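The values are calculated or read from the model by the stated rules, or taken from the named source; none is laboratory data. The structure displayed is predicted, hence computed values, not measured ones. Glycine also receives a Cβ, built like all others from the backbone with ideal geometry; neighbour counts cover every protein chain displayed. Protein only, heavy atoms only, side chains kept; ligands, DNA and RNA dropped before computing areas. Shrake-Rupley method; radii C 1.70, N 1.55, O 1.52, S 1.80 Å.
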Amino acid sequence: MEKNRLNLLFVLPNASRTGAPIVALHFFKWLKKVDCCDFSIIVKADGPLMEAYSAVAPAFVWNPQLPYSSIVKRAVLKALRGVKVAYKRPLPKALAEKKFDLIYGHTVVTTDVFDFLHAHYKCKIICHVHENGFSTKNYFPAFLEASKLKLIDHFIAVSDTTIDNLVYNYGIERSHISKCYEFIDTKELVTITKTPSSIREELNIQPGDFVVGACGVTTWRKGVDLFAYLVSYIDRKIPGNNIQFIWLGTIDDGFICYYEYEIAMLGLEKRILFTGAKPDPNNYFQIFDVFALTSREDPFPLVCLEAASLGVPVLCFDNAGGIPEVINNGLGHSFPYGAIDVMGEKIIGMYTTRNSTLTNAGNSSDIVKAFDVAVAGRQIIEIIEAIV
């Protein structure tokens, strides 16, 4: 290893094909390309991106918790009360024998292993926070306890709203936080493998139909119900329209029963097409006339950048995450939180005039370049070097 060449350990919660793991993959590919450091990867739960991680660096699946049922696990932990790390699984041997200059946790869901890793490697820790207030409070409260936060030397937050959550809800000093918007590989995005006509044929969408698209796991946080209400509003205002509404993304099991009831009550059984997850969403984004982000909370969704890079205008709600911080410079429009009527009127106006281009459509790809992995990668490396 070169003198002064950093050796980094990245920790991920999982290898799913979702926002934060995809951001991490973009960064890992860039790191390998520029060859500015050595690095290894720990993933707490296996997933479809594991093979891609392994292609760029030594990557290991390592769940440090006991592999027992919850009842047995509680009994063992009770017996081990006061013993901090005895119940943890050992690190993979190839990692245990290495020395690292810094541990980099992707998302707050990695903080539960910081005590173990810090005791083993005795190096600085950065936590890249991709979550905002609702998610941290409702899904991950245990991951941001004071005992874990004190181990973190620096935070990277993906938007101003993410920073505010850390400052006001968890008492983190602003000087200990750097902002780095989520990022994409803009060169990779330009690769379209299917024609618009083939996508329309696949989805049974006629050439003259106006397409309103959305993307994400079908959950309350992503506002899938608000999307349904948006469709209902538009249909009431302009009945008999030829607008097609599409939602790309994993269909959450807990959503199915609710969806069937709600859609039936609204009379929208045949108005929204849920495609499920797609490995090539850009092929579908290209037929969108508008992208409707109805999320209640979304720190900085990559899908908005991906859609905007293809010239698709993005509509979203204020105070629901970081996208409004960058969207009104020509990539789309934001509306008062939850105002589906205002968003609906905007879509109706775009539909009736067939004006589905961005205000600054000719420069949209140039605007999106500011969120390229090469730009963010250099920023992150500078932060890492400063902390080390």
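Given a 1.4 angstrom probe, I'd like the percentage of the accessible area of the chain that is carbon and sulfur, rounded to a whole number.
Values: 9390 of 17530 Å².
For the chain, the apolar C and S fraction of the accessible surface comes to 54 percent.
Ignoring ligands and nucleic acids, what accessible area does Tyr261 show with a 1.4 Å probe (Å², nearest 10)?
In the full protein context, Tyr261 sits at about 140 Å².
How far is helix 160-170 tilted off the main Cα axis of the chain, in degrees rounded to 10, range 0 to 90?
Helix 160-170 sits at roughly 50 degrees to that axis.
Quick one: check the C-alpha center-to-center distance for the stretch 237-257 versus the stretch 268-319, whole angstrom.
Centre-to-centre (Cα) distance: 12 Å.
Evaluate the charge dipole of the stretch 210-274 about its Cα centre and quote only its size in Debye, nearest 20, assuming +1 on the Cβ of each Lys and Arg and -1 on the Cβ of each Asp and Glu.
Computed charge dipole of the stretch 210-274: roughly 280 debye.
Can you report the principal axis dimensions of the stretch 165-253 using only the alpha carbons, biggest first, rounded to whole angstrom?
Per principal axis, max minus min of the Cα coordinates gives 54, 37, 27 Å.
Could you give me the radius of gyration and the Dmax of the stretch 168-219, taking only the C-alpha atoms into account and expressing both in angstrom?
19.9, 54
Just from its helices, what would the mean residue ellipticity at 222 nm be for the chain, if runs of 4 or more DSSP H residues each count -39500 (n - 2.57) and the sum is divided by every residue, rounded to the nearest 500 deg cm²/dmol?
Calculated from helices alone, the mean residue ellipticity at 222 nm is -11500 deg cm²/dmol.
Using a 1.4 Å probe on the protein heavy atoms only, what accessible surface does Asp38 show? Give it in Å² to the nearest 10.
Near enough 50 Å² of accessible area.
Just name one of Leu230, Ile205, Ile172: the one whose Cα is farthest towards the positive end of the charge dipole of the stretch 137-295 (beta-carbon charges, Lys/Arg +1, Asp/Glu -1).
Ile172
Report the dimensions of the chain along its three principal axes from the alpha-carbon atoms, largest first, rounded to Å.
That works out to 66, 48, 39 Å along the principal axes.
Can you compute 3J(HN,Hα) from phi for each residue in the stretch 331-337, using the Karplus curve 6.51 cos²θ - 1.76 cosθ + 1.60 with θ = phi - 60°, rounded to whole Hz and x for Gly and Pro?
Coupling constants for the stretch 331-337: 9, x, 9, 10, 9, x, 3 Hz.
What aspartates and glutamates sit close enough to Lys179 to cross-link, taking a C-alpha to C-alpha distance under 12 Å and skipping anything fewer than 8 places away on the same chain?
Within the straight-line limit of under 12 Å, Lys179 reaches these aspartates and glutamates: Asp160, Asp164.
Which net charge results when you count Lys and Arg as +1 and Asp and Glu as -1 among the other residues whose beta-carbon is under 14 Å from that of Gly223? Intermediate results must be reported in sequence, preceding the final value.
Working: positive: Arg221, Lys222, Arg296; negative: Asp225, Asp252, Glu262, Glu297, Asp298, Asp318.
That sum, taken over residues with Cβ under 14 Å, equals -3.
Hey, which aspartates and glutamates would be in cross-link range of Lys237, C-alpha to C-alpha under 20 Å, not counting anything within fewer than 8 residues on its own chain?
Answer for Lys237, where 20 Å is the Cα cut-off: Asp209, Asp225, Glu262, Glu269, Asp289, Asp341, Glu345, listed by chain and number.
Excluding ligands, DNA and RNA, what is the solvent-accessible area per residue of the chain at a probe of 1.4 Å, expressed in Å²?
Working: 17530 Å² over 388 residues.
That works out to 45 Å² per residue.
How far is helix 373-387 tilted off the main Cα axis of the chain, in degrees rounded to 10, range 0 to 90?
30
Would you kindly derive the ³J(HN,Hα) couplings of the stretch 114-129 from the backbone phi angles with the Karplus curve 6.51 cos²θ - 1.76 cosθ + 1.60 (θ = phi - 60°), listing them in order in whole Hz, with x for Gly and Pro?
Listing the rounded values in order: 5, 5, 5, 5, 5, 5, 7, 9, 6, 9, 5, 10, 10, 10, 8, 8 Hz.
Scan the chain and report its longest stretch carrying no trypsin sites (Lys or Arg not before Pro) that are both in a DSSP loop and have at most 12 other Cβ atoms within 10 Å. Walk me through the intermediate numbers first.
Numbers: sites that count: Lys3, Arg5, Arg81, Lys84, Lys99, Lys122, Lys150, Lys270, Arg354.
Within the chain, the longest run free of exposed trypsin sites (Lys or Arg not before Pro) spans 151-269.
Using the structure shown, select from Lys99/Lys278; Lys32/Lys122; Lys32/Lys150; Lys137/Lys346; Lys122/Lys222; Lys93/Lys369 the pairs with a Cα to Cα distance greater than 29 angstrom.
Lys99/Lys278; Lys32/Lys150; Lys137/Lys346; Lys122/Lys222; Lys93/Lys369
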